[in-house]
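Readers should treat all values here as calculations from the given coordinates under stated rules, not as data from a laboratory. The shown structure was predicted, so the numbers you read here are calculated from the model rather than taken from an experiment. Cβ: placed from backbone, ideal geometry, glycine included. Neighbour counts: every protein chain shown.
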């Protein structure tokens with residue numbers, strides 16, 4: 001019996017890879033347009049660009065980490081397309097690639113996995129987090145708090161003896177030099193790997209500076225543990241420790257649900273984490289970079305990313321997708337629901353993207369994953385069938401005309417539902433993955449840091465006469 005179950009599980013795991021490669025084949029067959037040469041060639045600063053409100057279209061920096069081609073519907077990490085990474089890689093290997101710029105050897109990967117697994121064990125932070133009323137707090141607020149508590153427990157940043165070198169203060173010049181056109185003063189640059197903060201003599205040996213790569217490892221491993229702890233406590237359970245035989249994705253699921261995931265669940269969650277790891281200069285990534293550019297530390301920078309992700313315009317759309325699909329009430333009701341929604345001018349959640357004007361490659365992968373998980377779950381199958389019927393309706397009316405297709409949030413909520421994850425925790429999973437991209441981009445940017453300092457158009461009045469208060 002055990003051998004038969006193992007055979008079935010192996011077949012389903014093989015089917016996962018097949019589905020991803022089939023999605024890649026469809027994507028490559030439908031691909032159109034060219035690489036955006038103005039965004040992929042070597043940079044000769046200063047650059048000319050058209051900037052809209054909210055810095056839309058602005059070029060803030062250069063990167064080798066990730067590239068999103070919205071016209072083609074392609075996503076790359078360090079030059080590797082997302083389909084190949086999901087088919088053949090793991091979240092740990094992909095994270096190593098993002099951080100270090102290359103794929104690891106087997107020895108390096110084994111060592112990296114071991115480091116992450118050990119850093120998922122954070123009992124001191126978990127105990128401290130449980131002293132707060134996190135069962136009464138929003139999950140993202142709790143996650144941001146937990147990240148700050150990790151900083152307090154894992155670094156010597158908050159030591160009374162800490163102080164900054166003179167060079168680090170000089171690097172944060174916000175003066176006339178920063179306004180000099182077109183590039184500002186070279187004195188505002190700062191080399192990241194120089195020691196900014198003097199290590200206090202009293203700092204424990206296991207505490208690190210928050211600027212080091214070790215802090216990135218601690219965050220990448222610790223945020224999943226914090227997210228799982230939040231879920232456990234909100235359900236009235238105690239936190240769990242990671243297991244030595246599970247991946248980061250598998251341990252996250254185990255530490256959250258209290259149930260060791262199936263190999264299929266572990267694999268699909270691993271794919272989900274790969275898909276969400278990085279995605280260009282989105283709001284949360286930009287928030288992390290802005291904070292890091294001031295020479296704050298990486299824990300605060302990642303906390304800023306979490307704060308930005310908590311906004312409904314950035315994270316959380318998959319929660320609304322699941323609610324929408326449940327409201328529709330089944331695939332047979334999609335046509336009438338969609339007609340009414342269109343007539344009322346409602347936004348169809350889970351469709352359209354600021355960058356993609358074609359099918360989001362992440363949705364191409366998550367859709368089949370949701371379908372595979374729904375095969376043995378009648379309730380989930382109804383939700384999935386409703387989603388696929390809605391996708392047909394939207395693409396038929398808005399796809400080729402307006403470039404509106406499913407985005408990553410459309411199917412991810414169904415995947416999470418299949419694993420028994422509470423709906424209010426979906427956005428925390430986004431952060432569990434994205435911390436790999438945030439830390440990688442912060443490390444890259446700070447290697448040649450320049451504090452962010454955009455300007456604003458002043459549209460108010462000038463030279464207003466001051467009227468004494470007794471005359472107003």
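Expressed as a rounded percentage, what relative contact order does the range 318-418 have, with Cα pairs under 8 Å and six or more residues apart?
Working: 126 pairs, mean separation 45.6, N = 101.
About 45 percent, as a whole number.
Could you tell me how far the Cα centroid of the range 6-74 sits from the Cα centroid of the range 249-325, in Å?
Measuring centre to centre over Cα atoms gives 18 Å.
Which value in nm describes the separation of the simple spin-label points at residue 243 and residue 28, placed 7 Å from the Cα toward the beta carbon?
About 3.7 nm, to one decimal.
So if we plug the beta-carbon distance of residue 3 and residue 263 into 1/(1 + (r/R0)^6) with R0 = 22 Å, what FRET efficiency do we get, rounded to 0.05? Working shown, then result.
On the way: r = 15 Å, r/R0 = 0.67.
Given R0 = 22 Å and the Cβ-Cβ separation, E is 0.90.
Packing-wise, with mean Cβ within 10 Å as the measure, how do 313-323, 83-93 rank, highest first? Numbers along the way, then the final one.
Working: 313-323: 19.7, 83-93: 21.4.
The most tightly packed comes first, giving 83-93, 313-323.
Using label points projected 7 Å from each Cα along Cα→Cβ, tell me how many nm separate residue 106 and residue 378, to one decimal.
Here the answer is 4.7 nm between the modelled labels.
Would any residue of the range 29-73 have its amide N under 19 Å from a label point 7 Å out along Cα→Cβ of residue 457? List them or say none.
48-59
Under the rule a/c < 1.5 gives rounded, and otherwise a/b versus b/c splits prolate from oblate, where does the range 366-434 land using the Cα gyration tensor? Before the final figure, lay out the partial values.
Numbers: a/c = 2.70, a/b = 1.35, b/c = 1.99.
Cα axes put the range 366-434 in the oblate bin.
Starting from the Cα gyration tensor of the range 318-418, take the square roots of the eigenvalues, sort them a ≥ b ≥ c, and report rounded, prolate or oblate (rounded when a/c is under 1.5, otherwise prolate if a/b is larger than b/c, else oblate).
Numbers: a/c = 1.88, a/b = 1.20, b/c = 1.56.
Because a/c hits 1.5 or more and a/b fails to exceed b/c, the range 318-418 counts as oblate.
If we sort 383-395, 18-30, 228-240 on the protection proxy, mean other Cβ atoms within 10 Å, highest first, what's the order?
Values: 383-395: 20.5, 18-30: 15.3, 228-240: 18.4.
Output ranking for 383-395, 18-30, 228-240: 383-395, 228-240, 18-30.
Can you work out the FRET efficiency for the pair residue 45 and residue 398, with r the C-beta to C-beta distance and R0 = 35 Å, to the nearest 0.05?
Working: r = 39 Å, r/R0 = 1.10.
That gives a FRET efficiency of 0.35.
Order of 110, 41 from fewest to most other C-beta atoms within 10 Å? Working shown, then result.
Details: 110 12, 41 9.
With the fewest neighbours first, 110, 41 line up as 41, 110.
What ranking, highest mean first, results for peptides 241-253, 268-280 when packing means the other Cβ atoms within 10 Å averaged over each residue?
Working: 241-253: 20.4, 268-280: 24.7.
Per-residue mean Cβ counts within 10 Å order the peptides as 268-280, 241-253.
With a/c under 1.5 counting as rounded, go ahead and sort the range 1-130 into rounded, prolate or oblate using the C-alpha gyration tensor (a ≥ b ≥ c being the square roots of the eigenvalues; past the cut-off, prolate if a/b is larger than b/c, else oblate).
Values: a/c = 2.36, a/b = 1.37, b/c = 1.72.
Because a/c hits 1.5 or more and a/b fails to exceed b/c, the range 1-130 counts as oblate.
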